[in-house]
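Data block below; observations after.
The values are calculated or read from the model by the stated rules, or taken from the named source; none is laboratory data. The structure presented is a predicted model; accordingly, all values stated were derived computationally and were not measured. In this analysis, Cβ positions are derived from the backbone assuming ideal geometry, glycine residues included, and neighbour counts consider all displayed protein chains. Just the protein is used for accessible areas: all its heavy atoms, side chains included, with ligands, DNA and RNA removed. Shrake-Rupley method; radii C 1.70, N 1.55, O 1.52, S 1.80 Å.
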Amino acid sequence: ATLVDNDPALLAFAAEVGVDDPVAVRGGGTRWDHGGASAPGTRLIEAPDGIVSYAPEEMTVRVRAGTAVAELHAELAARGQRTALAERRSAVRAGTNRDGTVGGAIAVGQNDIYTLRRGTVRSSLLQVRYVSAEGRVVNGGGPTVKNVTGFDLPRLMVGSLGTLGLVAEVILRTNPIPPGAVWLTAEGASPFDLYDALLRPSAVLWDGTTTWILLEGHAADITAQRSLLARSADITEVDGPPSLPPHRWSLSPSDLRRLPLDGVGSFIAVVGVGLAFADSAQPTRHLSAPVRAIHDRMKANFDPTGRLNPGRDPAAADR
């Protein structure tokens, strides 16, 4: 990691973070209680916003953490690109509707149903600039994968809920928006067999009976993939994916194949990703003693006084 000391916007943000009292960044508030509520008395601030630079030919974008993901995607779409970050809409804060921010998406680190095509949040983050507990601007990673050396701070910050550093700015990998897309459903067929039969599906969802499949690409590629599916199941074109239940479950591939599990109830599984959405919350999973010791030691090294987003615990957050 290297210190960054020449960006006025980031230096102003660092000055606002300060060095003393408990502090947290609040963006759109769309996942504000994820991993627990901030401790009473925590001072709330906002990260800087705006797109700093965009290199569509390099498929990277430098963007401030306070920028709404929907706003970022609207800009990228003009050049036929997008990111792996999920858009979260219309969280109500102080009487106004706010969309989820880039910094919030990084801090929470949740992947969505489109991960098969767009990649994970962690793999899309090339560089992070954050403010440390000591009020310093720190830079980790690099603008391209081949330039990254040393400790992998970007991957560490994904899912940390702002407890290790307050994200100010990132460089994200972008990916092209395919020229065509179609959602299909199949009844009664094995979603795992359908997934294996396809070259590169963008999403495969399953509720125990119905499978939804998103195919993206050029028209000829979509037609070829539809023909493969038609050999195994009766398929029907639909307008889009199903509505998702409210609770996320992080599951292993073997767990996905054994759905429904006890306590899950109604579900939508994301095949190939290890993720499901259910009507009930996933039981709390406790870290083993060695993993908890590493977790606590990391927190102590990055935030020795415990002032960064106190009350939030990444280990207690669903993925």
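Quick notes on this one:
- A Gaussian network model of the chain, with springs between Cα atoms under 10 Å, assigns the largest mean-square fluctuation among 173, 258, 117 to 258.
- Residue separation of residue 231 and residue 134 scaled by 0.36 nm, minus their Cα-Cα distance, works out to 28.9 nm of gained length.
- Helix 289-302 vs. the chain, principal-axis angle (Cα, 0 to 90°, nearest 10): 50
- Note on the chain: with charges restricted to the Cβ of Lys and Arg (+1) and Asp and Glu (-1), its dipole about the Cα centre is near 480 debye.
- Estimated FRET transfer efficiency when R0 is 35 angstrom, pair residue 294-residue 266 (beta carbons, to 0.05): 0.45
- Given charges at beta-carbon only (K, R positive; D, E negative), |dipole| of region 120-199 in Debye: 460
- Gyration tensor (alpha-carbon) shape descriptor, region 1-79, a/c threshold 1.5: oblate
- Theoretical FRET efficiency, 1/(1+(r/R0)^6), r = Cβ-Cβ of residue 305 and residue 70, R0 41 Å, to 0.05: 0.70
- C-alpha long axis of helix 219-230 to longest principal axis of the chain, angle in °: 60
- Extending 7 Å from the Cα toward the beta-carbon at both residue 238 and residue 286 defines two label points whose distance is 4.0 nm.
- Contact order relative to length of region 107-186, as percent, for alpha carbon pairs under 8 angstrom and 6 or more apart: 37
- Residue-by-residue Karplus 3J(HN,Hα) for region 44-61, coefficients 6.51, -1.76, 1.60, Hz, glycine and proline x: 9, 10, 10, 7, x, 10, x, 8, 7, 7, 9, 10, x, 5, 8, 6, 9, 9
- Put simply, the C-alpha atoms of the chain give a gyration tensor, and the ellipsoid matching it has half-axes of 36, 24, 17 Å, longest first.
- Of 317, 105, 236, farthest towards positive along the dipole that unit charges on Lys, Arg, Asp, Glu beta carbons give the chain: 317
- Across all Cα atoms of region 130-224, the radius of gyration (one decimal) and Dmax (whole number) stand at 20.2, 57 Å.
- For region 164-221, size of Cβ-based charge dipole, Lys and Arg +1, Asp and Glu -1, in debye: 200
- With N as its number of residues, region 192-319 has a Cα radius of gyration that, divided by 2.2 N^0.38 Å, comes to 1.40.
- Placing unit charges on each Cβ (+1 for Lys and Arg, -1 for Asp and Glu) gives the chain a dipole about its Cα centre, and among 271, 81, 168 the Cα reaching farthest toward its positive end belongs to 168.
- Take the chain with all the other protein chains still there, run a 1.4 Å probe, and you get 47 Å² of accessible area per residue.
- Counting heavy atoms of the protein chains alone, residue 196 has an accessible area of about 110 Å² for a 1.4 Å probe.
- Taking region 242-319 and dividing mean pair separation by its residue count, relative contact order in percent (alpha carbons under 8 Å, at least six apart): 32
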